[in-house]
Amino acid sequence: MPCAIGIDLGGTNLRAALVDHKGKVLAFRRQSAEAAKGRDFVVASLLNMATQLLEEATKRGLTVLGVGAGIPGIIEDGVVYQSPHFSDWVEFDIQKAIAHKLSYPVHVDNDANCVALGEAWLGSARGLTHFILLTLGTGIGGGLYMNGQLWKGESGFAGEMGHMVIEVFGPPCACGSRGCWELYCSASGMKRLMTLFEDVQSREVFEKKLGKDIFHVTIEDLYQGAKEGDIFSNAMFKKFGYYLGVGIASLVNALDIETFVMGGGISCAWNFFIEETHKSLAKRTYKETSKRVKLIQAQLGDQAGVLGAASVFLSV
Ligand SMILES: [Zn+2]
């Protein structure tokens, strides 16, 4: 039976799976990415995981068609030019580094592109011809899927939607610009906005209840707070929803794409922000276009990336 290995390297986790031609995950591994230990360590962990899964495939008598990997950052033909989580990965040919150690075809792409491929194959975007995938996590990842395939741009760098400018005089971003979308609409963006929240009193109530200061509040704390009806937590998710709508409106206006599939850690708080997103989006788009927009949750969770990475080698 034909199958492939899919690898999904994030800033926090490294995941890998052995996937059959129908998209069934036959084996799944996850461990901490440990980005701080440097490039060689991360690549060695990735190769170790892939080797374990290749051995598993051999044991099961499966034919492995290739190894696909999703990596965060600006990638062209398997070369990482810049990665937000791995600062020492500059013009690093990771595709070659993996292929050199494994005697299988290797394909490396941007991580959000892999998530988009996974959702298009087996998730919420199944059957769609056009959609935009957004991962709402530490930053914003984007995958642009048009005419039944990924649009990677002329050099392969498309989909960096998190760096669309939404506040011209906003704070500086690691990309070199200012006021980028992900400074407002991501886990790191929310943490920043929490410290600037206008209603100090409700923030202090939340801090007191949690027993920690605002600099140590996590998105999980906020999500829990929102579920319990906490004023500050609910207001923060509304703010997030507002900014999400601002960015989506620009994408709708530029591309006339109707479906937005959203995953990533913050998407679990969907019901606490999505209404605000619709409102904010409606204010910034033509009536006719905004009523056609569908905002839907991704379905595949933390397996979307590995499935999408593997799908490159499977007939989908
Ligand atoms: Zn930026």
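Please figure out what share of the DSSP beta bridges in the chain is antiparallel and state it in percent, rounded to the nearest 5.
Percentage antiparallel, nearest 5: 60.
Rg/Rh for region 77-139 to two decimals, with Rh computed the Kirkwood way over all alpha-carbon pairs.
Ratio of gyration radius to Kirkwood radius for region 77-139: 1.05.
Can you list the lysines whose alpha carbon is less than 26 Å from that of Lys22, not counting same-chain residues fewer than 8 positions off?
Lys59, Lys152
Averaging sequence separations of C-alpha pairs under 8 Å and six or more residues apart, then dividing by the length of region 131-298, give the relative contact order as a whole percent.
23 percent
Need the C-alpha centroid separation for region 63-77 versus region 137-163, integer Å.
That distance is 15 Å.
Please report the relative contact order for the chain, taking Cα pairs under 8 Å with a sequence separation of at least 6, and give it as a percent rounded to a whole number.
22 percent
Leaving out ligands, DNA and RNA, what percent of the accessible area of the chain is carbon and sulfur, probe 1.4 Å?
Ligands and nucleic acids excluded, carbon and sulfur give 50 percent.
Just to check I understand the Karplus step: with θ = phi - 60° and J = 6.51 cos²θ - 1.76 cosθ + 1.60, what whole-Hz values come out for region 226-235, glycine and proline as x?
Calculated HN-Hα couplings, in order: 4, 5, 8, x, 5, 5, 4, 4, 4, 5 Hz.
Under the Karplus relation 6.51 cos²θ - 1.76 cosθ + 1.60, θ = phi - 60°, what is the ordered set of whole-Hz ³J(HN,Hα) values for region 49-63, x standing for Gly and Pro?
5, 4, 5, 4, 6, 5, 5, 4, 5, 4, 4, 8, x, 9, 9
Provide Rg over Rh for the chain; use the alpha carbon set for both Rg and the Kirkwood Rh (inverse mean inverse pair distance).
Ratio of gyration radius to Kirkwood radius for the chain: 0.98.
Starting from the Kirkwood Rh over alpha-carbon pairs, what translational D in µm² s⁻¹ does region 208-260 have by Stokes-Einstein at 20 °C and 1.002 mPa s?
Translational diffusion coefficient: 166 µm²/s.
Going Cα to Cα from Lys287, which lysines come in below 26 Å? Please leave out same-chain ones fewer than 8 positions away.
Within the straight-line limit of under 26 Å, Lys287 reaches these lysines: Lys238, Lys239, Lys279.
Identify which of Ile231, Ile140, Ile274 has the largest mean-square fluctuation in a Gaussian network model of the chain, with springs joining Cα atoms closer than 10 Å.
Result: Ile231 has the largest fluctuation of those listed.
Nearest 10 degrees is fine. How inclined is helix 200-210 to the longest principal axis of the chain, computing both from alpha carbons?
The answer is roughly 50 degrees.
Rounded to the nearest 5, what is the percent of antiparallel bridges among the DSSP beta bridges in region 131-298?
If we restrict to bridges inside region 131-298, about 55 percent are antiparallel.
Once amide H atoms are placed 1.01 Å from N in the peptide plane, what residues at a sequence separation of 5 or more from His107, or on another chain, have their amide H within under 5 Å of its amide H?
It is Val67, Gly68, Ala69, by chain and number.
Just round it to a whole percent: the fraction of Cα-Cα distances in region 131-200 exceeding 21 Å.
Of all Cα-Cα distances in region 131-200, 32 percent exceed 21 Å.
Kindly provide the GluC sites (Glu not before Pro) of region 136-243 that DSSP labels as loop, not H, G, I, E or B, and whose Cβ sees at most 14 other Cβ atoms within 10 Å.
Here the sparse-neighbourhood loop sites are Glu154, Glu167, Glu198, Glu228.
Show the residues, 5+ positions off or on another chain, whose built amide H is closer than 5 Å to the amide H of Ala27.
Leu18
For region 154-215, which chymotrypsin sites (Phe, Trp or Tyr not before Pro) pass both filters: DSSP loop (anything but H, G, I, E, B) and at most 12 other C-beta atoms within 10 Å?
Answer in residue order: Phe169.
Loop only by DSSP, 16 or fewer other Cβ within 10 Å of the Cβ. Give me the trypsin sites (Lys or Arg not before Pro) in region 168-224 that pass, ordered by residue number.
Lys212
Keeping every protein chain present and rolling a 1.4 Å probe, give me the accessible area per residue for the chain in Å².
Here the residues of the chain average 46 Å² of exposed surface.
Would you please calculate the Kirkwood hydrodynamic radius of region 131-298 over all C-alpha pairs and express it in Å, rounded to one decimal?
Here the Kirkwood hydrodynamic radius works out to 16.4 Å.
What ³J(HN,Hα) values, in whole Hz, does the Karplus curve 6.51 cos²θ - 1.76 cosθ + 1.60 give for region 82-88 when θ = phi - 60°, with x put for Gly and Pro?
Karplus-based 3J(HN,Hα) across region 82-88 equals 7, 9, x, 9, 10, 5, 8 Hz.
The values are calculated or read from the model by the stated rules, or taken from the named source; none is laboratory data. Bear in mind that the values here come from a model prediction, so they are computed numbers and not experimental data. For neighbour counting, all protein chains shown are included, and Cβ atoms are generated from backbone atoms with ideal geometry for every residue, glycine included. Only protein heavy atoms, including side chains, enter the accessible area calculation; ligands, DNA and RNA are left aside. Shrake-Rupley method; radii C 1.70, N 1.55, O 1.52, S 1.80 Å.
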